[in-house]
Amino acid sequence: MRPLRTVAIAVIFLNLAGCQLSEEVEQPMAKIIPRKLEKHGHVRTDNYYWLRERENPEVLAHLEAENQHTASMMAHTEGLQEKLFHEFQTRIKQTDISVPYKKDGHYYYTRTEEGRQYPIYCRKKSSLDAAEQVMVDVNRVAEGHNFCSVRPPQVSPGEDIMAYGVDTAGRRFYTLHFKNLSSGKMLDDVIPEVTGNLAWANDNRTLFYTKQDPETLRSYRIYRHRLGDDPAADELVYEETDETFSSTVFKTKSKKYILIASFQTLTTEYRILDAERPEGKFQVFQPRQRDHEYHVDHYRGDFYIRTNSDAKNFRLMKTPVATTGREHWRDLIPHRDDVFLRDFEIFKDQLVVVERKEGLLQIRILPWSGGGEHYLAFDEPAYVAYPTDNHDFDTPLVRYTYSSMTTPKSVYDYNMATREKKLLKREEVLGGFESANYRTERIHATASDGVQVPISLVYRKGFKKDGTNPLLLYGYGSYGASMDAGFNPYRVSLLDRGFVYAIAHIRGGQELGRRWYEDGKLLKKKNTFNDFIACAEHLVGEKYADPNRVFAMGGSAGGLLMGAVMNMRPDLFHGVVAKVPWVDVVTTMLDDDIPLTTSEYDEWGNPNDKTYYDYMLSYSPYDQVEARAYPNLLVTTGLHDSQVQYWEPAKWVAKLRALRTDTNRLLLKTEMEAGHGGVSGRDKRYQETAFDYAFLLDLAGMGE
């Protein structure tokens, strides 16, 4: 490994850049190799482009040096990290079991055991009193590996063959394995380098699976495999040739059809196949049309379609199986300007619809008979609720999950006929936790253009709005992903130490419907950043937060948010945690050989168009780094990240080191064995979170 440069050399170099450096610890330095990047007659100089060379020993040495520097700078918090780790271990129940759900003739569940890092997937036949059958113990699969991710097992229609995917690198390339659940023996069939997405045909022998492009990681090929056949000879049944689209395969709830979905930001297209005839050819359901998104499910003689055709917030339609063309679709639930139709679930006697109104999820029950329509009641001002594990048609019960920022994850069965609900399980939070000791609120900030932006927040009872409490503000704001106000057991460690935790429901998400999303993308992307800043300012102005102890956190596209607001308002934040941040927007979007590029032109814009190039350049965190003071910053990444390549945060930190004029902490932590989702194994996740929290608490003067 390349040794760290001496402090003297580092000081000389950074002083030449107009920076100041604490002499208490050596800091790694990335060598400067200028590279000219030209587009639309505009020339950018990238001094750290060489950090893309994943196999270059100097790159690996630089990342290791950054890790050593980070460890050195955080060494004084090791006691706090250990204390936090212990809190997580003792607060989160180590030996636990999920609520079993019934599918066909078995009850399925997952359990964990104290001292073991991974889940165990199990089932029981016919009754919960039956003997347990372990389908796959991920702890055994993970033996000998520093990283392990297992896709949940998918059981064949005959309930005797199980398929599951294993990734031991972190780049989300899975190897499919098959097990005979009757004999307990593994099958010879092994299918490497797949997404883990699959669907079984009804013959109990045929399945369809998805492969991704090895360079861009775009899932684009669907293959048919028959058990016992050589996977190398599997037939390619569909290839998505449009590089802006990805594909997946799944089965309808009715088990009658296998569907291939092709999708990109603005458009979807489905192909259907009778699950009883797996050797047949997939037929297009409704040809793709620009700006038309739809989702299909099946019940009895009809297909049900959630569509945005002439319906910005989506509507629900249906059509007979024999006539799938758009001209045959008929309204079931019409479009509404103030309600976003998010999802639907079909039962024999009821239709269940998930909607968003005023930013909050609602579950609506509509009997097919036409009478007794109603909504489930949720009492808290901010929460998350959604149907889950509903595999049977012929039942009056809908199962749903509920949580809030003060209420742990709770699973209910709701009788849609009698309107009675039964709590099946509430996540047990140990260590003296009581929901009554915390309070949640939903408030609004006024953005720079006058728009009201929702904020969900939580704090410990006894909190006073006197402007003395530290604040952690979380945000994402991209892809129409809504950040709902659910429970997080880790967060208790911050709340009990006096932190206020808040989620900024900024534009770019979809909390307030489709327009909320559209007003935070493309040439309106800066609304996302302005909204987040407005939320931070509002929380300070209303004395929820100490103006000198405001912290921000976001990951992936939320890391882009962190970089942008740091450049726009570095004075507003005392510290920032940017996890796997996407920060080199222009360079990445100009490179169609890496993931998240061509398929995302409709999210960010195509920089080959000068209008979008100029706009992206104006907010790209890496490009907008200047010689100025920045907040304390912790940046995390994974060497094998398949979505945001490690070099983006590495380059960003290197450029910040060269140009910043402050002496604040600037830390880069690279997990050398992990990908975009971070480390695997729950103890490692506890350690990762303890490290992040120790960074924040130490800066807040709560280092203990």
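Can you tell me how many residues within the stretch 348-396 are closer than 17 Å to LYS422 by Cβ and among the hydrophobic types (A, V, I, L, M, F, W, C)?
Summing the residues that are closer than 17 Å to LYS422 by Cβ and among the hydrophobic types (A, V, I, L, M, F, W, C) in the stretch 348-396 gives 7.
List the strands (runs of 3 or more DSSP E) that sit entirely inside the stretch 413-512 and contain at least 3 residues that are within 30 Å of PRO367 (Cα to Cα). Give the derivation first.
Values: elements: 421-426, 438-446, 452-460, 471-474, 500-504.
Once the strands (runs of 3 or more DSSP E) in the stretch 413-512 are filtered for at least 3 residues that are within 30 Å of PRO367 (Cα to Cα), what remains is 421-426.
With respect to the numbered conditions (1) in contact (Cβ under 8 Å) with a residue 60 or more places away in the chain; (2) more than 23 Å from the chain's Cα centre (by Cα); (3) surrounded by 20 or more Cβ atoms within 10 Å (Cβ to Cβ); (4) more than 19 Å from ASP203 (Cα to Cα), which one is the sole condition not fulfilled by SER246?
So the condition that SER246 fails would be (2).
More than 21 Å from TYR474 (Cα to Cα), of a type in the set (Asp, Glu), at pLDDT 95 or above and touching a strand residue (DSSP E or B) at 6+ places or on another chain (Cβ under 9 Å): is that true of GLU441 in this structure?
On the way: more than 21 Å from TYR474 (Cα to Cα): no; of a type in the set (Asp, Glu): yes; at pLDDT 95 or above: yes; touching a strand residue (DSSP E or B) at 6+ places or on another chain (Cβ under 9 Å): yes.
Judged against the criteria, GLU441 is not a match.
Just to be sure I understand, how many residues within the stretch 426-463 are free of Cβ contacts under 8 Å to residues at least 60 places away in the same chain, surrounded by 15 or more Cβ atoms within 10 Å (Cβ to Cβ) and among the polar types (S, T, N, Q)?
Of the residues in the stretch 426-463, 1 are free of Cβ contacts under 8 Å to residues at least 60 places away in the same chain, surrounded by 15 or more Cβ atoms within 10 Å (Cβ to Cβ) and among the polar types (S, T, N, Q).
Among helices (runs of 4 or more DSSP H) lying entirely in the stretch 569-625, which contain 1 or more residues that are in contact with a Cys (Cβ under 9 Å, 6 or more places away or on another chain) and surrounded by fewer than 21 Cβ atoms within 10 Å (Cβ to Cβ)? Quick ask: steps written out before the conclusion?
On the way: elements: 585-589, 601-604, 610-619.
It comes to none.
Among the residues of the stretch 160-177, how many are within 11 Å of HIS145 (Cα to Cα) and part of a strand (DSSP E or B)?
Final tally of qualifying residues: 1.
So ILE260 fits all but one of (1) outside any strand (DSSP E or B); (2) of a type outside the set (S, T, N, Q); (3) surrounded by 14 or more Cβ atoms within 10 Å (Cβ to Cβ); what number is the exception?
Going through (1) outside any strand (DSSP E or B); (2) of a type outside the set (S, T, N, Q); (3) surrounded by 14 or more Cβ atoms within 10 Å (Cβ to Cβ) one by one, ILE260 breaks only (1).
So which residues in the stretch 323-335 are touching a residue at least 12 places away in the same chain (Cβ under 8 Å) and either in a loop (DSSP other than H, G, I, E, B) or in contact with a strand residue (DSSP E or B) (Cβ under 8 Å, 6 or more places away or on another chain) (or both)?
THR324, GLY325, TRP329, ARG330, ASP331, LEU332, ILE333, PRO334, HIS335
When you go through (1) free of Cβ contacts under 8 Å to residues at least 24 places away in the same chain; (2) closer than 27 Å to THR210 by Cβ; (3) assigned to a strand (DSSP E or B) one by one for GLU345, which number turns out not to apply?
(1)
Please enumerate the residues belonging to the stretch 657-673 that are assigned to a loop (DSSP other than H, G, I, E, B) and more than 29 Å from the chain's Cα centre (by Cα).
Residues of the stretch 657-673 assigned to a loop (DSSP other than H, G, I, E, B): 660-665, 672-673.
Passing the criteria: ARG660, THR661, ASP662, THR663, ASN664.
Given the structure, is PHE314 within 21 Å of GLY509 (Cβ to Cβ) and buried (at least 17 other Cβ atoms within 10 Å of the Cβ)?
Working: within 21 Å of GLY509 (Cβ to Cβ): yes; buried (at least 17 other Cβ atoms within 10 Å of the Cβ): yes.
It is true that PHE314 is within 21 Å of GLY509 (Cβ to Cβ) and buried (at least 17 other Cβ atoms within 10 Å of the Cβ).
Kindly provide the set of residues from the stretch 514-543 that are outside any helix (DSSP H, G or I) and surrounded by 24 or more Cβ atoms within 10 Å (Cβ to Cβ), ordered by number.
Residues of the stretch 514-543 that are outside any helix (DSSP H, G or I), as a first pass: 519-521, 525, 542-543.
Correct list: GLY520, LYS525.
So ILE33 clears everything in (1) in contact (Cβ under 8 Å) with a residue 40 or more places away in the chain; (2) of a type outside the set (S, T, N, Q); (3) farther than 25 Å from GLN117 by Cα except one condition, right? Which one?
Of (1) in contact (Cβ under 8 Å) with a residue 40 or more places away in the chain; (2) of a type outside the set (S, T, N, Q); (3) farther than 25 Å from GLN117 by Cα, only one is false for ILE33: (1).
Regarding the stretch 363-373, can at least one residue be identified that is in contact with a Gly (Cβ under 9 Å, 6 or more places away or on another chain) and at pLDDT 95 or above? Break it down into steps so the answer makes sense when it comes.
Narrowing the stretch 363-373 to residues in contact with a Gly (Cβ under 9 Å, 6 or more places away or on another chain): 365-366.
This time we only want the ones that are at pLDDT 95 or above, so: 365-366.
Checked the stretch 363-373: at least one residue is in contact with a Gly (Cβ under 9 Å, 6 or more places away or on another chain) and at pLDDT 95 or above.
Please state which of the following conditions VAL398 fails to meet, knowing it meets all the rest: (1) under 22 Å from VAL352 (Cβ atoms); (2) part of a loop (DSSP other than H, G, I, E, B).
Against the list (1) under 22 Å from VAL352 (Cβ atoms); (2) part of a loop (DSSP other than H, G, I, E, B), VAL398 comes up short only on (2).
The values are calculated or read from the model by the stated rules, or taken from the named source; none is laboratory data. Computed from a predicted model, the values in this text were never measured in an experiment. Note that we place each Cβ from the backbone using ideal geometry, even for glycine, and neighbour counts take in every protein chain shown.
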